[in-house]
Each structure stands twice: as structure tokens, then as C-alpha cells.
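**Q** This is the structure, below, for whatever I ask next.
The values are calculated or read from the model by the stated rules, or taken from the named source; none is laboratory data. For clarity, every value in this text was computed on a predicted model and none was experimentally measured. Note: ideal-geometry Cβ built from the backbone for every residue, glycine included; neighbour counts use all protein chains shown. Surface accessibility is based on the protein's heavy atoms, side chains included, excluding ligands, DNA and RNA. Shrake-Rupley method; radii C 1.70, N 1.55, O 1.52, S 1.80 Å.
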Amino acid sequence: QLGVPHHVHFLGQLEHPKLFPYYGAARVLVNTSKHEGYPKTFIEAFANGTPIVATATNGAQEVLEDSVTGFIVPLQNEHALAEKLSLLLADKERARLMGERGRTFVRGLTTDTTEEVVGLWKSIVTS
């Protein structure tokens, strides 16, 4: 009906714990938001080694490193979005490298953030 190939599945809303296998199975996460805060879905995709193609929202630009962990495309530019998505789908090695860099980013983020939060709470408690 939409003219989308048979290998695209629209799953509807899923409970959060059920999402993680899909992140791992996806070849690319696509985010076409016009407004995005801190994109938790990016972190979850990166944790599974999934590269991202996203529109240039503040949140995307904060987390996604263009041409390193995925691609950032201009808002409302479906041609740029399709180009970058096609590029990653055609070049599996590039997609794998971007996904691995995303996974590395998340590992550093988790470790650094946890240590910072623990240190902050310790300083508050001892003050």
C-alpha cells in the first residue's frame, strides 16, 4: 500500500525491554524528527552497534558525530536522507565501522557519566 519493500516491518509501539533485539537486528536507525532533546534512542542504537541517519536537530548534533557514528542530514531534506541511508545500506563495512564507533562512544559515556554522578553525590553528602 505504501510502496515499501516487503523487508520493512511496521511494528507499532513496543514495550521498552522488547526494543533491544530490534536495535541489534537493524542495519540503520533512521530518525527524522524536527525537534529532538537528548535522543535516548541514539544511545540504545549505539549500544547495539547500529549506525544512525538523523535530521539536524539539537539533540542529534549533540550525540551523533557526522560521518563517524552515522550521518546528520538537513531538516526536511528527504533526498539527503535517502542518499545517506542508501549509502549505509549499500556499504556494510562502513555501516559496521560507524556502529562500532557508536558503541565505543556509549561505553565511554556510561563510564564517565557514572563516575561523575557518583563523585557529585559524594561531594554533596560530605558538604
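**Q** Go through the residues of the stretch 61-76 one by one and say whether even a single one is among the aromatic types (Phe, Trp, Tyr) and closer than 20 Å to Gly102 by Cβ.
**A** yes
**Q** What single numbered condition from (1) open to solvent by 60 Å² or more (accessible area, probe 1.4 Å); (2) out of contact with any Pro (no Cβ under 9 Å at 6 or more places or on another chain); (3) without any contact (Cβ under 8 Å) to a residue 60 or more places away in the chain fails to hold for Leu89?
**A** All conditions pass for Leu89, except number (3).
**Q** Looking for whichever is under 10 Å from the mean Cα position of the chain (by Cα) and open to solvent by 70 Å² or more (accessible area, probe 1.4 Å) here; the options are Lys122, Lys40. Which one fits?
**A** Of the residues listed, the single one that is under 10 Å from the mean Cα position of the chain (by Cα) and open to solvent by 70 Å² or more (accessible area, probe 1.4 Å) is Lys40.
**Q** Something else now. For the stretch 22-41, how many residues are within 11 Å of Glu62 (Cα to Cα) and in contact (Cβ under 8 Å) with a residue 40 or more places away in the chain?
**A** Looking only at that region, the number is 0.
**Q** Still on this structure: Go through the residues of the stretch 77-84 one by one and say whether even a single one is polar (S, T, N, Q), closer than 15 Å to Asn31 by Cα, open to solvent by 50 Å² or more (accessible area, probe 1.4 Å) and at pLDDT 95 or above.
**A** For the stretch 77-84, residues polar (S, T, N, Q), closer than 15 Å to Asn31 by Cα, open to solvent by 50 Å² or more (accessible area, probe 1.4 Å) and at pLDDT 95 or above: present.
**Q** Here is a follow-up. Val125 - would you say it is touching a helix residue (DSSP H, G or I) at 6+ places or on another chain (Cβ under 6 Å) and either assigned to a helix (DSSP H, G or I) or closer than 23 Å to Leu19 by Cα (or both)?
**A** No: the conditions fail for Val125.
**Q** Please go through the stretch 5-23 and give me each residue that is under 16 Å from Leu89 (Cα atoms) and surrounded by 13 or more Cβ atoms within 10 Å (Cβ to Cβ), ordered by number.
**A** Once the filter is applied, which keeps residues that are under 16 Å from Leu89 (Cα atoms) and surrounded by 13 or more Cβ atoms within 10 Å (Cβ to Cβ), the stretch 5-23 yields only Tyr23.
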